[in-house]
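Structure, as structure tokens:
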Amino acid sequence: MRVGTVRERKDGENRVGLTPEGVHALALRGHEVIVETGAGLGSGHTDDAYRASGAAIATGATEIWASSELVVKVKEPVESEFGCLHRGCALFTYLHLAADRPLTERLMAAGATSLAYELVQLPNGALPLLAPMSQVAGRMAAEMGIHLLKQPGPGRGKLIGGVAGVPPGRAVIIGSGTVATGAARVLMGHDARVVVMSPDLTRLAYLQELFGGRLATRVSTPQAVAEEVAGADLAILAVLVPGAAAPKVLTREMVRSMGPGAVIVDVSIDQGGTAETSHATTHSNPTYIEEGVVHYCVSNMPGAVPQTSTQALTSATLPYVELLADAGIEGALHSSPALAHALSTYNGELIRSPVATEFGLPAGANPFLA
């Protein structure tokens, strides 16, 4: 199979879909790999390193999209790439279609087949290609929230851990998955007072035991969320409904109740965001103020640490890329239920019913899942 990877076009995105190690692994299996010039520079990989691993280097992305049977990316295609989508080339990347109607409609109109990293699902429900970036995003969310509370800037000028005679700041984490775990670890390392909120009692019990009772937990009913968020210094929003839009857990009134100079980091923004006041931002313009509260809503947070993120991500994705290349797209989908769960569009037909419901679009059944 001919496999391609292109330079990411999303603002501030310097990760890359294939490393030289991945190229070498595919070349050893008899596959042809083509890489856009400069695609790996932000992650520390030169064109020469790709050549030495067996890749051909293309001067532009158009050639790669036109000639590849599979394009491996990191983030969803942006508008400037929509014209490259076509029926003969499958796409394997993060998609988050429930927050992106224009891309959904373009994939359908182009007759494209697409598979979403975030929807690859193991029999136990684990999401192996979402987990590594969730670890990065969780730690980054805490770090960014701590930074934004400081001045100069719009934050309230508070040290999250306090000092002798001054109590620590209050941080609320909504969600109890991988992002929440990473964020809690960092915040408690800074001696913040942390409460994690979720409807999942099993996860709350696990986190309380994991952190030795040093963190508080609470079931996330609307009233409980309102009580915990009021006056909080930092809220990290990490709610995930796989393949669907994030629910709005924080109302505008709740955001206002945090008070001027508080900070919200909405990690759920790639699925539309968890606060009514959230809208997507970029690495070049990452924050805004709404209801007096600083919002950080960058949808590709791990792109800020591309060397770490690329290594973590491609270690997880490569076995699936190898399967797609070895067996062909349809063969891999037939043989791997984990991959079949990731199918989002198939020859232009929308497969994801939550996305179809969100946008009022028609959807078909997944032909690779019984």
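Where a number appears in this text, it was derived from the coordinates with a stated rule and is not lab data. From a predicted model like this one, the values you see are computed outputs, not experimental measurements. So basically every Cβ, Gly included, is an ideal-geometry build from the backbone, and we count neighbours across all protein chains shown.
Annotation for GLU21 and ASN285: the two label points, set 7 Å from Cα along the Cα-Cβ direction, are 3.8 nm apart. Computed on the Cα atoms alone, the convex hull of region 117-172 gives a volume of 119 cubic angstrom per residue. What fraction of the Cα pairs in the chain, stated in percent, has a spacing above 33 angstrom? Percentage above 33 Å: 31. On a per residue basis, the convex hull of the C-alpha atoms belonging to region 131-304 measures out at 105 Å³. Nearest 10 degrees, 0 to 90: what angle lies between the long axis of helix 306-327 and the longest principal axis of the chain (Cα atoms)? Here the helix axis deviates by roughly 40 degrees. Charge dipole of the chain (Cα centre as origin; +1 on each Lys and Arg Cβ, -1 on each Asp and Glu Cβ, all else neutral): 760 debye, rounded to the nearest 20. Net charge in the neighbourhood of LEU361 (other residues with Cβ under 15 Å of its Cβ; Lys, Arg +1, Asp, Glu -1) is -1. Multiplying the residue separation of ARG2 and ALA370 by 0.36 nm and subtracting their alpha-carbon distance yields 129.6 nm. Using the Kirkwood radius over Cα pairs, work out the Stokes-Einstein diffusion coefficient for region 1-131 at 20 °C and 1.002 mPa s, in µm²/s as a whole number. Reported coefficient: 142 µm²/s.
Report the paramagnetic label zone for ARG214: residues of region 152-166 whose backbone N is under 16 Å from a point 7 Å from Cα along the Cα-to-Cβ axis. Of the residues in region 152-166, 160-163 have backbone N under 16 Å from the label point off ARG214.
Within region 79-197, the percentage of alpha carbon pairs spaced more than 22 angstrom apart rounds to 53%.
Here the 3J(HN,Hα) profile of region 68-79, calculated from phi with Karplus coefficients 6.51, -1.76 and 1.60 at θ = phi - 60°, is 8, 7, 9, 10, 9, 10, 10, 10, 4, x, 8, 4 Hz, Gly and Pro shown as x. When only C-alpha pairs under 8 Å and at least 6 residues apart count, what is the relative contact order of the chain, in percent? The value is 18 percent.
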